[in-house]
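Asker: Before I ask anything, here is the structure I am working with.
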Amino acid sequence: MGIGVILIFALIFGFQYRLNRKKRQQQIYEQRLKQTQEKITLLQATIEANEELLGLLQKEKLQYVSEADKLEVSIRKFREEKKTLQEWLFHESDVFKKVQSLRKQWMGGNKEQKVMTHADREKLREIISDIFAERMKELRQFYPRLTEDDLFLLCLQEAGFDSQSIAICFGYGDTHTINQRKSRMKGRMEASKVQV
């Protein structure tokens, strides 16, 4: 009978041990489940906060992009206005008026086609260099192989001069030499274009 009681106690103890072990495992599982739920809740709150911040940043970015677009439009307008003023300033110069009067003589069919004197050409180069200094600097940076004559020709073109007027400014009696110069200049521009 003593052995039977011991066996019953052993069975009860074993059963109790299994129950306690299952309870502990259940408690550990519930604790881990609770911790995981807390982490998920925390991560969800972090995600929502970051999404809200991202939304605000995107809205600010759109505002900055919009402001940048407005500035670009303003800069373009200022550049156009500056160019118009530079052209007006050039058109008001005595040298410009001299080129126009020489151009009219050529158009009138005058047999003695006059061109600009060396002194007038130097004065014209000086005026072009002053008025279009920034444009010449840009062209030098973008096309380093261009000569001073090339830059002068390009500025005259940008000022609205045709080949005949440019020929007068260079002291030539016809446009053939200017057309050849333009062709050579185009080759130098293609060969030396700096990638920005």
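Asker: How large is the helix-only mean residue ellipticity at 222 nm for the chain, computed as the sum of -39500 (n - 2.57) over DSSP H runs with n ≥ 4, divided by its residue count, in deg cm²/dmol to the nearest 500? Could you put the intermediate results ahead of the total?
Answerer: Working: 7 runs with 164 residues, N = 196.
Rounded to the nearest 500, the figure is -29500 deg cm²/dmol.
Asker: Something else about it: Select from A49, A159, A167 the residue whose mean-square fluctuation is largest in a Gaussian network model of the chain (Cα-Cα springs shorter than 10 Å).
Answerer: Result for the chain, Cα springs under 10 Å: A49 fluctuates most.
Asker: Between A119 and N179, how many nm apart are label points set 7 Å from Cα along the C-beta direction?
Answerer: With each label placed 7 Å out from Cα toward Cβ, I get 3.4 nm.
Asker: Could you work out how much longer the chain between A191 and I127 gets when fully extended? Use 0.36 nm per residue separation minus the Cα distance between them, nm to one decimal.
Answerer: 20.2 nm
Asker: Okay, moving on. What fraction of the Cα pairs in segment 81-196, stated in percent, has a spacing above 21 angstrom?
Answerer: Of all Cα-Cα pairs in segment 81-196, 39 percent lie more than 21 Å apart.
Asker: Determine the relative contact order of segment 85-154: mean sequence separation of Cα pairs under 8 Å and six or more apart, normalised by residue count, in whole percent. Working shown, then result.
Answerer: Details: 28 pairs, mean separation 20.9, N = 70.
Taking the mean separation of contacting Cα pairs over the length of segment 85-154, I get 30 percent.
Asker: For segment 32-127, go through all pairs of different Cα atoms, get the mean of 1/r, take its inverse, and jot down that Kirkwood value in Å.
Answerer: Evaluated on segment 32-127, it is 20.0 Å.
Asker: A further question follows. Which one, (i) 8, 23, 19, 15, 12, 9, 8, 5, 1, 0; (ii) 7, 19, 17, 10, 7, 6, 6, 6, 5, 5, 5, 4, 3, 1, 0, 0; (iii) 9, 38, 39, 12, 2, 0, gives P(r) over Cα pairs in 10 Å bins from 0, in percent as derived from the coordinates shown?
Answerer: For P(r) over Cα pairs in 10 Å bins from 0, in percent, the calculated option is (ii).
Values in this text are rule-based calculations from the coordinates and carry no lab data. Because the structure is predicted, anything quoted here is derived from the model rather than measured. Positions of Cβ are generated from backbone atoms using ideal geometry, with glycine treated the same way; all protein chains shown enter the neighbour counts.
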